[in-house]
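Let me begin by presenting the structure, written as structure tokens, before commenting on it.
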Amino acid sequence: MPSSLIIVVARFFPDSYGGAERQAQILAEALGKIGIDVTIVAPTLDASVPAIEETCFGRIERFKVKSPPSDGGRRILSFFAWTLWFRRRFSKQEYSGVPIYVFHARLHALGPALAARRSGSPLLVKLGGGGESFDFLALQSKRFFYGRWVQKVVLRQANLFVANGVQIVDDLVELEVPLRKIAVFPNGVVLPELEVVEAAMRERPGSRFIYTGRIHLDKRVHVLCEATRSLRAKEKEISLVLLGDGPARQELDIAFGAGSALSGITFPGYVSEIYPHVLAADFFVSASLREGQSNALLEAMSVGVIPIVCAASGVADVVIDGVTGFIVPTSESEAFETAMLRALALSDDERFAMSRAARAFAERNVGIDAIARKTLVHLNALSTVEHGETKLTLDSRNDVVSLPQEQAMQISKPHGGGVE
């Protein structure tokens, strides 16, 4: 079993507070609990943060750049600086054989791929999304040759790709990645105690909606605001909380929140602990079309908050429409208004049953401790890499590792329909 792991993200706190950053942190903490020394490595634009920060799981190591390395284009010098630094820093003898786990196959993955090649370390790559959000599409869209070159290096060097949904598996197969090099399991979340969740369920009135994440036009947060404003204009006594920060927050607050004639929409900003806020809600809403497997969605389900989400990549892998939540076919305000009305029409018993089903899915599939164990199974298996081929097995609990595609699809689908 490996004793150390390097996790690489394109950005990290305090530069950004997105899903990949949160996923990297909680996975590192869970692995740290079972004895793995984890180093999270990321570029930073913040000159005030320490280069090395000691943590409960190991350390965070940051490399200062002027622009995000994954941007490329006119800011390509930061990409070169990051790539050369990472290759030099993590090709040292002390890191020989230490697995490198890169979150998302973007430009920032080149340095880790080159370091893994030089040090003989296993390389895992976790894909961020499928379909229109497929990582390699972003590389292919780069104006000059380097995007496709980085794609070629990453595809050749990676020992294992981690997919959190069926769409990503299909996209990888289209790139001729063999199924033996694809592992399928969902993102993980910290599961609050069931007693706390059920107590919150009993207090929910069935009229409170929440969004958590970046307040950005790409996330189509305005769609949620428009649907809520329309419902309130029709005398529906509902509220919408948009938790998080981003470039569109002030503009949307003026248009729909504090600056609007209609109350009921609030923008509290960024909070370090979201669960107290999510526990107080009835429904989680997201109109984003460009998602991998949303951590915010999984966190909401883990506390029994019913999701009302657009049919982005990965959503159908975790939400059964009408059972564990509602899937909205289009990212338009009219469609969300219809779905929100459908949710408001639930009886107390129906709402509780759906909340419990959402929590039950999270218990079975996305607890971060279980995901850490699955990750450890793969890290252990990668120690048997021979002649460039990864030989994977199942552990004693039959945790999922590399499976044929039809089996991978089965583990990605939500279980059953009832309440446990």
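The values are calculated or read from the model by the stated rules, or taken from the named source; none is laboratory data. Model, not experiment: these values are computed from the prediction. Here Cβ is always computed from backbone atoms with ideal geometry, including for glycine, and neighbour counts include all displayed protein chains. To get the accessible areas, we keep the full protein, side chains included, count just its heavy atoms, and leave off ligands, DNA and RNA. Shrake-Rupley method; radii C 1.70, N 1.55, O 1.52, S 1.80 Å.
Structural remarks
- Residues that are open to solvent by 10 Å² or more (accessible area, probe 1.4 Å) and either modelled with pLDDT under 95 or not aliphatic (A, V, I, L, M) (or both) within the stretch 321-336 comprise ASP321, GLY322, PRO329, THR330, GLU332, SER333, GLU334, listed in sequence order.
- Strands (runs of 3 or more DSSP E) contained entirely in the stretch 138-227, each with at least 1 residues that are under 18 Å from VAL102 (Cα atoms) and open to solvent by less than 30 Å² (accessible area, probe 1.4 Å): 160-163, 182-184
- Of the criteria (1) buried (at least 18 other Cβ atoms within 10 Å of the Cβ); (2) over 14 Å from HIS108 (Cβ atoms); (3) basic (Lys, Arg), which one ARG87 fails: (2)
- Search result, residues across the stretch 272-298 that are closer than 24 Å to ARG202 by Cβ, in contact with a strand residue (DSSP E or B) (Cβ under 7 Å, 6 or more places away or on another chain) and open to solvent by less than 40 Å² (accessible area, probe 1.4 Å): ILE274, VAL278, ALA281, ASP282, PHE283, PHE284, VAL285, ALA296, LEU297, LEU298
- Look at (1) assigned to a helix (DSSP H, G or I); (2) modelled with pLDDT of 50 or more and you find that MET409 fails only one, number (2).
- Cβ-Cβ contacts under 8 Å between residues 6 or more apart (or on different chains), taken from a first residue in the stretch 132-144 that is closer than 16 Å to VAL173 by Cβ to a second residue that is of a type in the set (Lys, Arg) and open to solvent by 50 Å² or more (accessible area, probe 1.4 Å), are listed as ASP135/ARG106.
- Listed by first and then second residue, the pairs linking a residue in the stretch 350-362 that is of a type in the set (Phe, Trp, Tyr) to a residue that is crowded, with 23+ Cβ neighbours inside 10 Å, with Cβ atoms under 7 Å apart and 6 or more places separating them unless they lie on different chains, are PHE361/MET301; PHE361/VAL318; PHE361/THR324.
- Given (1) surrounded by fewer than 24 Cβ atoms within 10 Å (Cβ to Cβ); (2) in a helix (DSSP H, G or I); (3) over 21 Å from the mean Cα position of the chain (by Cα), number of the condition GLU363 does not satisfy: (3)
- Which numbered condition VAL125 misses (of (1) surrounded by 24 or more Cβ atoms within 10 Å (Cβ to Cβ); (2) in contact with a helix residue (DSSP H, G or I) (Cβ under 8 Å, 6 or more places away or on another chain); (3) touching a residue at least 40 places away in the same chain (Cβ under 8 Å)): (3)
- For the stretch 234-251, the condition holds for at least one residue, the condition being that it is of a type in the set (Gly, Ala, Ser), assigned to a loop (DSSP other than H, G, I, E, B) and out of contact with any His (no Cβ under 8 Å at 6 or more places or on another chain).
- The strands (runs of 3 or more DSSP E) falling completely within the stretch 1-79 that include 1 or more residues that are hydroxyl-bearing (Ser, Thr, Tyr) and touching a residue at least 12 places away in the same chain (Cβ under 8 Å) map to 4-8, 37-44.
- In the stretch 34-53, the residues that are among the hydrophobic types (A, V, I, L, M, F, W, C), open to solvent by 10 Å² or more (accessible area, probe 1.4 Å) and within 11 Å of PHE13 (Cα to Cα): LEU45, VAL49
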